[in-house]
Every structure is written in structure tokens, then in C-alpha cells.
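The values are calculated or read from the model by the stated rules, or taken from the named source; none is laboratory data. Source: prediction; values computed, not measured. Cβ: placed from backbone, ideal geometry, glycine included. Neighbour counts: every protein chain shown. For accessibility, only protein heavy atoms count, side chains too; no ligands or nucleic acids. Shrake-Rupley method; radii C 1.70, N 1.55, O 1.52, S 1.80 Å.
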Amino acid sequence: MNSVNFRRVVAFGLLTATTALVGFSVAQAQELVLGVIGNSKDMVQPYSPTDSVSADSMYDQLYDGLTNHDSKGGVVMRLAESMTPNAAMDVWTVKLRPNVKRHDGKPFTADDVIASIRYMLDKVNHFVVSSQIDFVDPAKIRKVDDLTVEFTLNRPFGLFANAFADDHFRMRAIAADGSVVGTGPFTLDSFTPGQETRMTRFEDYWGEKPGFDKLRIIGFRDQQAVTNALRGGQIDIAYSVPYTDVPALTKDPKLKTVMSGTTTYPMLAVRVDTEPFKDPRVLEALKLVVDRQQIVDNAFSGYATIANDYLGNNTACPVPSVAQRVQDIAKAKQLLAQAGKANLRLEVVTDGAYSGMMEMAQLFAQQAAQAGITVKVRRLDPATFLNRWREWPFLVSLASGPYETGTLAALLPDQGENATHFDDAEYNDLAKRLESTSDLAAQCKLVTQMQEVEYKRSGHIVPAYPENITVYRDTVSGLKPDFYGRTPIQYAGVTVKK
């Protein structure tokens, strides 16, 4: 039952058989307010050429995917009821969930799926992550009936359901008036990019509904502004807060936290196709200047574990048997001298949209200085930063999602998320074999080998695996831990009482 306040107004006077002023109830709509870092380039339709925290927060409410990941990392059906391959795994039949309504009241059907996926794959639309589903041939998607779609693939692909579980691949439809509509738990009332989004609960939603009526997403300039708004009661939930603020925030009796492991975390990334990072000696030196424990303690206030320069914490497969990198300033100096790059000067850029990004970059700059490397940390607004995502030579990047999809998007050539421009023949071959098998044991063996290649040659410097911490006001109930960092934006069963 919805958590709402009832206000009863009772008129004065004596009740008689002939005259009476009878009290009446007025239901006061309950609104939840979420604070995020705003991006002025956000748009309502979910296939944006850029990605941002504020856009994802909105999309999660308006749209659903065919599949998704549950809070512990497993793939679950959403708009799809089933996905079945042929023996060769190059034809997949998708059965849709019946009785799903769009926000315009019409049924969600196979036509909407086909239109959505063809739009994603059309290069004219510049959908940055479309290459993650390039196994789909858009010309060979066939409507069998209103609730059945057949996909004939460009190549055998065993991770079909996993790929569509990525949050980027939400389904949308086009209403009669030309507007974009979804099937999600909220409908859109108003939208001002980077500033504010207002929504109303969709009463015909097919899944578990939120326990409040209205949702407002407010965009802020930086993390500290989000924290201040939480302290001041302007927002109910902070999408994220600086890890350094968490100890003080937890002392406030009106604030609560949900903590969980997460596959979403910041890391340093260099373009391995540009100087000076093309030289493996320079790349190794940058990895050797890192004091990982200091970053765990200071950038993440201890809410993290030490990482080892490969994208992990997002798979149940065994970790690779490689030595833990530790800070070695003398060795870093030696490698730089051999490469003729002593007294290196670099600039690292970030938008600081996630907790720990700025702090990690600043600590890295201090640590690199010990090896004679001068690192300038430059903070940009999200729109400017994201518009040049694949151009920056040195940036604070973000890992997100399971290894089988999210990591491949960050490491395979021609992928929109590959900010390092990593193109390694051995890694590419292993990835091809991973995508073509559905055997879990074989998949794990390949993932472990791929992580070994990352450790040796990728442009990612991964110092730590932080925890996901959501801080919220005690008027909110029902937020749950989530392995993919979605705690602040998933509201099934969540209630608000003000």
C-alpha cells in the first residue's frame, strides 16, 4: 500500500439529522527527491551519444530492458519472457512479456523492440555503445507475432541475454504525437537538462511499483553540492557522496546508509595509441608510482579493497595468478629514463561525477611527483568531458557492469566505451572465444586469461575496488544493496514519509 499522509479537515458545528459539515480526507502526494551531478547535454530519448549519471537516473525510471541484472549480478528476464537460441547460437527467438503497457496506454509489442534495436544500430544516430550489440544484423530481425521476435545474428553469440542486460539497451516506443515513451515505473512530467526532472508513478506499470507518487531529480554542479543538499534536507537521496564525507554523514541521526559491493568504480586511463603512453616502459612506470593503500585509505576513506590494474570485482571467475603491483619509485624512474621520458609532464582530466574520482586523481599526482612526473589534474563540467570521451590522452574513466559485457566494451577495439584505444590481438582473440561459448567453465577460463593480458598491457590503472555507499534521509525506507551501484535509483517497494 502506498505510504501517504492523510489530512482530515473537520468542520465546526453540531451534527444533526438535517444539517452537518462532514470531515473529508485529502491525500497528499509523496515525493522523493534524488540529487545527482547534472549534465546539460542530457536528453529524454535513451539512445544518447553521451552517457551521464543524471541521464541514467532518469532512464532507469522511464524505460525497461529486455533483460537486466538482479542485485547480485545474475541475468533476469524483464520485458522478455524468454530468449532461446538454435543449436548454432546464431538465431535467437525472444518471447515478450504479455500485457505490458506503454506510457501512452498502448501495448508494448515486437514492433517496439525491432524499432528500438534498429535505431540503436543505425550509425546515423551515433549511439555510443551500439558496438556492444554488433552481433545483431538489423536487417534480419523478424517479427513472428506481436510478442515474438526472431534475431538472425552476424555470428554465433552465446552471451545474447547478457548483452541486452546492459542498462544502455533499454526499449522505447514512439507515441502517435511523435514523442518518445517507455514502459518504466514513472512517466515524465517535465525535463530541464542538467537541472531538474519531474515524474509521476505509472499506475499501469507491469512490475513492482514504487511506494510513492512523485519523483524529482535535481542536478547539481559537483559532489559537494549534492552532499550539502542532503545535509540541508533539500534532497532525500544522494546518488553518491565523497567517500571522505561518509564518516561525518553517518553521525547524523537523520541520515542512513546502504553499503554493497559494486562493479562501478573510477580508474585512471591512458590512450595506449598515443605518446608517451605507447611506450610500454612509460605505461609500467605510471602503474608503479601508485600507492594503492594510500588511495584506499584517503580517496575512499577505507571503503575499498586494493586492486591490481585489471577490471575485476565484476565476475565470479578465479583471479589471475599475477603479482600484486606495489609502489616502486626507483623502478619507475629507471623505466622513464630508459624511455627517454624523465621529468614527464601530463594532464589528467575528469568531471568528478562519481565519488573518489577527484581524490584519486589528486593522490596519483602527488605519488607520481616522487618519480619526477608532473601531473596536472583538470576538472571539467560533465558535458565538456563526455563530448570528448575517446579523445582525452589521460583521464579518469569508469568501470561499470559485468566482465562479459561492460569490460569488453571498455577494452575491445571500435567500442564506444574504449577510452584507452586498447587493441591487443591476444585479448581480442580471447574475447571472440568468450562470446562464442555458453559453457560457464570455459567462460571463466577465458576471463582469467583476459585479465592477465589487461594486467600486462592495458591502459587502465586500477588502484582500488571501492564499495557502493548510498546516503539517504531517514524518511526513506526500502532501499536495497545492489552489485551494480543502482541502490539510489531503484525504487521498487521504496516508500517516503515526510
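Summarising the amide proton neighbourhood of GLY261: residues at separation of 5 or more, or on other chains, whose placed amide H is nearer than 5 Å comprise ASN468. Can you check what the net charge comes to around GLY401, using other residues whose Cβ is under 9 Å from the Cβ of GLY401 (Lys, Arg +1; Asp, Glu -1)? With Lys, Arg at +1 and Asp, Glu at -1, the net is -3. Scanning the chain for DSSP H helices at least 24 Å long along the axis (C-alpha atoms) with a Kyte-Doolittle mean no lower than -1.0 picks out 440-457. Surface calculation, 1.4 Å probe, protein heavy atoms: GLU417 sits at approximately 50 Å² accessible. Surface composition of the range 281-337: carbon plus sulfur atoms contribute 51% of the solvent-accessible area (1.4 Å probe, protein chains only, all chains present).
Rolling a 1.4 Å probe over the heavy atoms of the protein chains gives the chain an accessible area of 42 Å² per residue. Accessible surface of the range 372-422, 1.4 Å probe: 46 percent of it comes from carbon and sulfur atoms. Assuming R0 = 51 Å, what is the FRET efficiency of LYS432 and LYS251, from their Cβ-Cβ distance, to the nearest 0.05? Once the sixth-power term is evaluated, E becomes 0.50. For the pair GLU31 and MET43, the difference between a 0.36 nm per residue extended length and the Cα-Cα distance amounts to 2.1 nm.
Of the trypsin sites (Lys or Arg not before Pro) found in the range 26-123, the ones in coil according to DSSP and having at most 13 other Cβ atoms within 10 Å of their Cβ are LYS72. Compute the Cα gyration tensor for the range 48-164, then decide on rounded, prolate or oblate, letting a ≥ b ≥ c be the square roots of its eigenvalues: rounded whenever a/c is under 1.5, prolate when a/b is larger than b/c in the other cases, and oblate in all that remain. Rounded. Placing a pseudo-label 7 Å from each Cα along the Cα-to-Cβ vector at THR475 and GLN224 gives an inter-label distance of 2.6 nm.
Does the range 375-498 classify as rounded, prolate or oblate by the C-alpha gyration tensor (a ≥ b ≥ c root eigenvalues; a/c under 1.5 gives rounded; else a/b over b/c gives prolate, otherwise oblate)? Oblate shape, in that a/c is at least 1.5 and b/c is the bigger or equal ratio. Treating r as the C-beta distance of LEU440 and MET259 and R0 as 22 Å, the FRET efficiency rounds to 0.15.
In terms of its C-alpha gyration tensor, the chain comes out oblate, because a/c is 1.5 or above while a/b does not outweigh b/c. Only the Cβ atoms of Lys and Arg (+1) and of Asp and Glu (-1) were treated as charged; on that basis the dipole of the range 281-392 about its Cα centre amounts to roughly 400 debye. Look at where the Cα atoms of the range 432-465 and of the range 74-153 average out, and the two centres are 27 Å apart. When you restrict to C-alpha pairs under 8 Å that are six or more residues apart and normalise by the size of the range 57-167, the relative contact order lands at 31 percent. For GLU81, the residues whose amide H sits under 5 Å from its own are LYS95, LEU96, ARG97, ignoring neighbours fewer than 5 places away on the same chain, with H placed 1.01 Å from N.
Probe radius 1.4 Å, ligands and nucleic acids ignored: give me the carbon and sulfur share of the accessible area of the range 119-161 as a rounded percent. Its accessible area is 53 percent carbon and sulfur atoms.
Across the chain, Cα pairs under 8 Å and at least six residues apart give a relative contact order of 21 percent.
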